[in-house]
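The values are calculated or read from the model by the stated rules, or taken from the named source; none is laboratory data. If you're wondering where the values come from, they're calculated on a predicted model, not measured in any experiment. Cβ placement follows ideal geometry from the backbone for every residue including glycine, while neighbour counts extend to all protein chains displayed.
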Amino acid sequence: MNVSDPLLQPAEDLDEPRLVTESGVAAGLAALVIPVLRDLNLRLVRVKLSGQDGTTLQIMCERADGTMDVDACETASQALSPVLDVADLVSQAYRLEVSSPGIDRPLVRVSDFVRAIGHEARLELSEPVAGRRRFRCWIEAVTQGEIRINRIDAGADEEAILTLPLPLVSDARLVLTDALIRATLRGAKGKEPLPDDAAPSAKKAATKSKAKPILPSGVQFELRAAKRPERRPSAVLRDASSKSARLKGD
């Protein structure tokens, strides 16, 4: 790791502020969610309202060390549901989805960027730097208020190494790679490095298994039609890319 400031070593801090936050209704929902999660020793990663397949309210959260499991998702869902119902900030019926960040996670805190050093990411800025607002890059270093990146998408006449102000980052996410999968597997259980040909099978086992904690795959817990009297919770394992959901045996 190339971290210039020793104070930027990843810390297990539930109260570490987020660099990327919500706006509008999602911001009001985040304000409600944060203290409830804090009481459960969890912290918010992201709140997102989506209109696909009906309205879905996704609350992405984790422990301060970045881990999450099905039981924690279920506990958070049960704690959040009545708070959200009383506040009634979402006017229409919706599905509440509580999930872990997954492997290709959003980067919303300084500690997220520190843990992401050496890995590939996609970044979007609120203002252009070097004439661009979007970058595909490797994260090389984190200093106080800045990150240094090595651009994968740099043209022949463009600088590959750039230093970006962290306050300008409006969206950031890790890119799913074999190296990221192996690093997550090692971090999940303190295992020795996996050989290259072992990563796919380990990834598949994590997707299908019900073992707890569920890592490195993402975790999702749903309350269908949260605004209706009847609620039917179901635990779902998400694949390593965190872009689809499947039940065991699918």
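Among residues that are touching a residue at least 24 places away in the same chain (Cβ under 8 Å) and over 20 Å from the mean Cα position of the chain (by Cα), L84 is included. When segment 18-57 is filtered for residues that are surrounded by 14 or more Cβ atoms within 10 Å (Cβ to Cβ), within 25 Å of L168 (Cβ to Cβ) and of a type outside the set (A, V, I, L, M, F, W, C), the ones remaining, listed by number, are R18, T21, E22, G28, R43, R46, K48. In segment 100-114, the residue that is farthest from D15 (Cα to Cα) out of those that are in a loop (DSSP other than H, G, I, E, B) and charged (D, E, K, R) is D104. Which of the residues that make up segment 91-101 are touching a strand residue (DSSP E or B) at 6+ places or on another chain (Cβ under 6 Å) and not aromatic (F, W, Y)? Of everything in segment 91-101, those that are touching a strand residue (DSSP E or B) at 6+ places or on another chain (Cβ under 6 Å) and not aromatic (F, W, Y) turn out to be R95, L96, E97, V98, S99, S100, P101.
Scanning segment 149-164 for residues that are in contact (Cβ under 8 Å) with a residue 24 or more places away in the chain and part of a strand (DSSP E or B) yields I149, L162, L164.
Given the criteria among the basic types (K, R), modelled with pLDDT of 90 or more and over 15 Å from the mean Cα position of the chain (by Cα), does R38 qualify? Yes. The numbered conditions (1) without any contact (Cβ under 8 Å) to a residue 60 or more places away in the chain; (2) surrounded by 12 or more Cβ atoms within 10 Å (Cβ to Cβ); (3) within 29 Å of L49 (Cα to Cα) are all true for H119 except (1).
In segment 41-62, what count of residues is obtained for those that are modelled with pLDDT under 95 and not in a strand (DSSP E or B)? Number satisfying all stated conditions: 5. Scanning segment 130-145 for residues that are in contact with a helix residue (DSSP H, G or I) (Cβ under 8 Å, 6 or more places away or on another chain), surrounded by fewer than 17 Cβ atoms within 10 Å (Cβ to Cβ) and either modelled with pLDDT of 95 or more or part of a loop (DSSP other than H, G, I, E, B) (or both) yields Q144, G145. For segment 15-29, the candidate set comprises residues that are within 15 Å of the chain's Cα centre (by Cα) and among the hydrophobic types (A, V, I, L, M, F, W, C); within that set, the residue that is farthest from D85 (Cα to Cα) is L19. I117 falls short on exactly one of the conditions (1) under 22 Å from the mean Cα position of the chain (by Cα); (2) in a strand (DSSP E or B), and that condition is (2). With respect to the numbered conditions (1) within 16 Å of the chain's Cα centre (by Cα); (2) within 17 Å of T21 (Cα to Cα), which one is the sole condition not fulfilled by C73? Every listed condition holds for C73 apart from (2).
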